[in-house]
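Engineer: To start, I am sharing the structure in question, which I have written as structure tokens.
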Amino acid sequence: MNQTNTPQNSYSLAFETSCEIGSVTLGNGDALLETRRFSAPRKHASEFLPTTAEICKAHGVTPSDIQHVFVSAGPGSFTGLRIGITAARMIALATSAKIVAVPTLLVVAHNALEMSSPPTRLIVILDAQRSRVYAEAFEYREDKYVSLGAPAEVEPAEFFSQQAKQCAVTGQGIDQHQDAVNQSSLEVLPQDLWRPRSEIVYQLGLALAKCGVFTEGRDLIPTYIRKPDAEEKWAER
């Protein structure tokens, strides 16, 4: 990672393509100008580029005006992540924009800041298929969530059993693993806080950019945690 100072007043794009419904946010410094969401689930391939072009055109922003790209880096949908990561690389190559890779589970955790009393301990889960989840535990400190360990692919019930009882749980993995969640007796956050959003990607990315934390395009890779199914099948051949 590179570390340099960044101007606070500059156009930036934020991409969230790790979940079923993607979104793009355009901002200028601390001000979020607009967010546009894709029209339906799994429309990343067909709607990502038109949505990005339209939101920039609506605000008179040209490619050369973009100084930062904040991208949700995973874990999540393998195909969706590849689209967001590839776009970030292309924009950086074409415009010299700086890239900030934002962990997806951290993005989901920060949705909880919209609550009047954010939980002190929080678990975020996303479905990893095969009866497993991508999970990470966070702690609320000084108006933000701090990771208590690296994200991992785990069996949900076992992971829940290792957490303190005062934990809350959030994330779209709740839908696919409702039985394990119910058996855990952990507090479940409202459903409208489960999905990662490009607005939060923007906010977290900007905070990192102000600290001078960037990733070179050639070093930017999705956080898959495990290999995509196609790669695993190829390795077994």
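Read-outs: derived from the displayed coordinates by stated rules, not from any lab. Every value quoted in this text rests on a predicted model; they were computed, and no experiment measured them. We place every Cβ from the backbone using ideal geometry, glycine too, and count neighbours over all the protein chains shown.
Engineer: Under 8 Å for C-alpha pairs, at least 6 residues apart: give me the relative contact order for the chain, rounded to a whole percent.
Structural biologist: Value for the chain: 25 percent.
Engineer: With Cβ to Cβ distances under 15 Å as the rule, what net charge do the other residues near Leu193 carry (K, R +1; D, E -1)?
Structural biologist: Counting the neighbours of Leu193, the net charge comes to -4.
Engineer: Follow-up. At what distance in nm do the modelled label points of Lys210 and Leu49 sit from each other, each positioned 7 Å from its Cα along Cα→Cβ?
Structural biologist: 3.5
Engineer: Counting only C-alpha contacts under 8 Å and six or more residues apart, can you give the relative contact order of region 105-193 as a whole percent?
Structural biologist: 30
Engineer: Further question on the same structure: What number of lysine-lysine pairs in region 78-237 show an alpha-carbon separation below 28 angstrom, given a sequence spacing of 8 or more or placement on distinct chains?
Structural biologist: Lysine pairs, 8 or more places apart or on different chains, close enough: 5.
Engineer: Per residue and in Å³, how big is the convex hull formed by the alpha-carbon atoms of region 105-193?
Structural biologist: Values: hull volume 7.4 nm³, N = 89.
Value for region 105-193: 83 Å³ per residue.
Engineer: Looking at the chain, what % of its DSSP beta bridges pair antiparallel, to the nearest 5?
Structural biologist: That works out to approximately 65 percent antiparallel.
Engineer: Next up: So what's the chain giving for Rg/Rh, alpha carbon basis, Kirkwood Rh from the mean inverse pair distance? Mind dumping the intermediate values first?
Structural biologist: Numbers: Rg = 17.6 Å, Rh = 18.2 Å.
Taking Rg over the Kirkwood Rh, I get 0.97.
Engineer: Amide H neighbours of Glu34 under 5 Å, counting only residues 5+ apart in sequence or on other chains, H built in-plane at 1.01 Å?
Structural biologist: For Glu34, the qualifying residues are Leu26.
Engineer: Give me the distance in nm between label points sitting 7 Å out from Cα along the Cα-to-Cβ direction at Glu158 and Ile221, one decimal.
Structural biologist: In this crude label model, Glu158 to Ile221 measures out at 2.5 nm.
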